[in-house]
Amino acid sequence: MKYVNVEWHAVSADEASSISVWDADTGRRIIQFVARMRVLPDGTELPVAVTAMRFDGSLRRLVAGFSDGCVRTFNFNNGALLRQVSFLVYMY
């Protein structure tokens, strides 16, 4: 969980790839969005776990890392995807 002290918001994420923004004063969820899904060849969508989160210096963008090696940057206020970088992960 991350805290943003400018507007007193908290951000949480889970293994189902769901990111939630909370009002830290009232405990109300402000927004929730699914951050990353993996699509299998048959079209089935599987969530990818969020493994790390960090805000940029302006506290307007949330950078999230995922268990499949992908890093995504989101608009913190509305959940819009701004950028994605994928890294190849080799399993030996």
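Nothing in this text is a laboratory measurement; each read-out follows from the coordinates by a stated rule. Small disclaimer: the values here were computed from a predicted structure and weren't measured. Every residue, glycine as well, gets a Cβ built from its backbone with ideal geometry; the counts of neighbours run over all protein chains shown.
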Open item on the list: If the only charges are +1 at each Lys and Arg Cβ and -1 at each Asp and Glu Cβ, what is the size of the charge dipole of region 39-92 around the Cα centre, to the nearest 20 debye?
Closed with: 360
Open item on the list: Under a Cβ-only charge scheme (Lys and Arg +1, Asp and Glu -1), can you give me the dipole magnitude of region 2-86 about the Cα centre, in debye to the nearest 20?
Closed with: 260
Open item on the list: Under 5 Å between amide hydrogens, which residues at least 5 positions from His9 or on another chain qualify, with H placed 1.01 Å from N in the peptide plane?
Closed with: Val4, Ala24
- [ ] Grab the alpha carbons of the chain, take their convex hull, and tell me the volume per residue in Å³.
- [x] 108
TODO: Would you mind checking which residues have amide H under 5 Å from Cys70's amide H? H placed 1.01 Å from N; only 5 or more apart, or other chain.
DONE: Phe87
